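A.B. asks: What follows is a single structure, and I will ask about it in a moment.
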Amino acid sequence: MKLIECYQQNKPVLSLEVSPPRRNAPIDTVAQIFDTLHRLVELNPSYISVTYGAGGSTRGNTVEIASRIKNDYGIESMAHLTCVGHSRQDIDSILKQMAEKGIDNILALRGDMPENEPDYDIKSQDYHYAVELIREVKAKTDFCIVAAAYPEGHPESRRLSQDLHHLKEKVDAGVDFLITQMFFNNRVYYEFMERTAAIGVNVPIVPGVFPVLHARQIRRTIYLCGASIPADLLRLVDKYEDQPAEMVKAGIDYAAGQIVDLLENGVPGIHFYTMNKAEQAREILQKAGMV
Ligand code: FAD
């Protein structure tokens with residue numbers, strides 16, 4: 001089933017994101033992800049998306065896990081795919097594999113530049129930006145195509161206006177809906193919605209919610225994705241830096257509060273970054289009244 005159909009019903013859609021196990025272990029030996037999935041399925045999401053590991057470490061498992069979510073658990077799935085570092089032939093073969101495994105939905109991304117290769121030359125690659133992957137997927141396949149959006153601008157962009165222009169290019173290339181990067185102040189999302197509407201982006205833009213459960217994790221995450229921390233969240237992180245259990249509780253409340261406010265403001269759904277933590281996902285979503 002194409003996931004855009006979920007957003008055509010007038011009910012907020014719950015989607016969950018998981019990541020494949022880090023090591024390239026054979027799929028059947030990786031019991032943990034299936035235990036996590038088992039517990040996430042109980043939350044009755046409309047679909048589960050599976051990330052595509054940067055640098056190749058977890059790539060092999062994405063298609064397999066997305067296929068199992070759909071075929072073994074009976075829940076729709078979406079496979080993420082990054083094109084940086086892949087040749088056109090690689091992409092053709094991954095797309096073919098996805099279709100053979102019954103996957104209907106793809107989150108088409110460029111991906112980050114390799115962290116340990118400062119001289120990495122994107123110009124020498126077959127793909128330079130997500131829009132090129134999106135155009136190709138649209139031309140060659142019948143997948144429902146999803147893309148990433150950045151309410152605070154992508155970290156490489158000099159100006160939000162530039163980033164918005166490139167976002168519009170992705171949508172015009174055939175994107176069915178967008179999922180946002182995490183943000184910690186809902187105002188950022190609401191303002192982004194106004195800006196995207198003003199330039200004619202008229203596909204659903206699903207807010208991505210990331211729970212801050214560890215003080216140290218948030219610093220690294222923000223360093224990588226460029227999201228800003230509002231003062232009230234910073235106060236919590238500072239207060240509970242040395243009290244991990246209290247930080248988890250405060251992080252659960254904060255994320256639940258964000259979701260409640262988003263739902264009250266009529267968002268098409270919530271894309272929840274589970275970080276493979278099923279128990280905390282359940283607590284947050286229950287608190288927010290979504291499960
Ligand atoms: P693009 O849309 O190509 O944008 C990248 C940058 O290039 C932006 O600054 C944009 O403004 C600029 N740009 C775009 N087009 C042009 C152009 N024609 N000319 C000049 N500049 C241009 N990463 C993973 O490795 N695995 C995942 O599974 C994964 N899942 C994600 C899920 C979501 C919901 C989000 C929001 C991000 C995810 N990421 C993932 C991170 C993503 O790969 C990085 O943010 C990456 O740096 C950008 O990918 P993109 O598809 O947004 O790139």
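A.B. asks: Return the residue satisfying two criteria in turn: it lies in the stretch 189-201 and is within 29 Å of D104 (Cβ to Cβ) and part of a helix (DSSP H, G or I), and of such residues it is farthest from the ligand (Cβ to nearest atom).
C.D. replies: Step one: filter the stretch 189-201 for residues within 29 Å of D104 (Cβ to Cβ), giving 189, 192-193, 196-197, 199-201.
The next check asks that each one be part of a helix (DSSP H, G or I); those that pass are 189, 192-193, 196-197.
Numbers: Y189: 13, F192: 12, M193: 16, T196: 14, A197: 19 Å.
Applying the filter and picking the extreme gives A197.
A.B. asks: Looking only at residues that are within 21 Å of Q181 (Cα to Cα) and modelled with pLDDT of 95 or more in the stretch 84-109, which one is surrounded by the fewest Cβ atoms within 10 Å (Cβ to Cβ)? Can you show your working first?
C.D. replies: Pass one, the stretch 84-109, residues within 21 Å of Q181 (Cα to Cα): 84, 105-109.
Applying the additional criterion that residues be modelled with pLDDT of 95 or more yields 105-109.
Values: N105: 23, I106: 27, L107: 25, A108: 28, L109: 21.
So, considering only residues that are within 21 Å of Q181 (Cα to Cα) and modelled with pLDDT of 95 or more, the one surrounded by the fewest Cβ atoms within 10 Å (Cβ to Cβ) is L109.
A.B. asks: Ok, one more. Need pairs with beta-carbon distance below 7 Å; first residue acidic (D, E) and within the stretch 137-159, second modelled with pLDDT of 95 or more and more than 7 Å from the ligand (Cβ to nearest atom); sequence gap 6+ or separate chains.
C.D. replies: Going by the 7 Å Cβ cut-off, the qualifying pairs are E152/F183; E152/V188.
A.B. asks: Sticking with this structure for a sec: Looking only at the stretch 125-164, which residues are of a type in the set (D, E, K, R) and within 13 Å of L178 (Cβ to Cβ)?
C.D. replies: Within the stretch 125-164, D163 is the sole residue that qualifies.
A.B. asks: Moving on. Anything in the stretch 259-276 that is closer than 21 Å to S77 by Cβ, at pLDDT 95 or above and of a type outside the set (S, T, N, Q)? List them, or say none.
C.D. replies: Result: P268, G269, I270, H271, F272, Y273.
A.B. asks: Out of the residues in the stretch 265-291 that are among the polar types (S, T, N, Q) and within 16 Å of the ligand (Cβ to nearest atom), state the one that is farthest from the chain's Cα centre (by Cα).
C.D. replies: Once the filter is applied, the top-ranked residue is N276.
A.B. asks: Among the residues of the stretch 79-106, count how many are assigned to a loop (DSSP other than H, G, I, E, B), under 16 Å from V131 (Cα atoms) and within 16 Å of the ligand (Cβ to nearest atom).
C.D. replies: Number satisfying all stated conditions: 4.
A.B. asks: Moving on. Is one or more of the residues making up the stretch 70-78 within 15 Å of the ligand (Cβ to nearest atom), under 29 Å from R187 (Cα atoms) and either in contact with a strand residue (DSSP E or B) (Cβ under 6 Å, 6 or more places away or on another chain) or modelled with pLDDT of 95 or more (or both)?
C.D. replies: Looking through the stretch 70-78, at least one residue is within 15 Å of the ligand (Cβ to nearest atom), under 29 Å from R187 (Cα atoms) and either in contact with a strand residue (DSSP E or B) (Cβ under 6 Å, 6 or more places away or on another chain) or modelled with pLDDT of 95 or more (or both).
A.B. asks: Which residue is farthest from E17 (Cα to Cα), if the candidates are limited to the stretch 205-251 and must be among the polar types (S, T, N, Q) and within 16 Å of the ligand (Cβ to nearest atom)?
C.D. replies: Once the filter is applied, the top-ranked residue is S228.
A.B. asks: Scan the stretch 228-236 and tell me whether some residue there is under 27 Å from C6 (Cα atoms) and among the aliphatic types (A, V, I, L, M).
C.D. replies: no
A.B. asks: OK, next. Return the residues of the stretch 107-154 that are of a type in the set (A, V, I, L, M, F, W, C), outside any strand (DSSP E or B), under 20 Å from the mean Cα position of the chain (by Cα) and more than 7 Å from the ligand (Cβ to nearest atom); say none if nothing qualifies. Working first, answer last.
C.D. replies: As a first pass, look at the stretch 107-154 and keep what is of a type in the set (A, V, I, L, M, F, W, C): 107-109, 113, 122, 130-131, 133-134, 137, 139, 143-149.
Adding the requirement that they be outside any strand (DSSP E or B) leaves 113, 122, 130-131, 133-134, 137, 139, 143.
Narrowing further to those that are under 20 Å from the mean Cα position of the chain (by Cα): 113, 130-131, 133-134, 137, 143.
Within the stretch 107-154, M113, L133, I134, V137, F143 qualify.
To keep it simple, each residue is scored yes or no on (1) touching a residue at least 12 places away in the same chain (Cβ under 8 Å); (2) crowded, with 18+ Cβ neighbours inside 10 Å; (3) in a loop (DSSP other than H, G, I, E, B).
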{"site": "Q162", "(1), (2), (3)": "no, no, no"}
{"site": "H166", "(1), (2), (3)": "yes, no, no"}
{"site": "V171", "(1), (2), (3)": "yes, yes, no"}
{"site": "Q181", "(1), (2), (3)": "yes, yes, no"}
{"site": "R187", "(1), (2), (3)": "no, no, no"}
{"site": "V203", "(1), (2), (3)": "yes, yes, yes"}
{"site": "L213", "(1), (2), (3)": "yes, yes, yes"}
{"site": "I222", "(1), (2), (3)": "no, no, no"}
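The values are calculated or read from the model by the stated rules, or taken from the named source; none is laboratory data. Every value quoted in this text rests on a predicted model; they were computed, and no experiment measured them. FYI the Cβ positions are ideal-geometry reconstructions off the backbone, even for glycines, and counts take in every protein chain you see.
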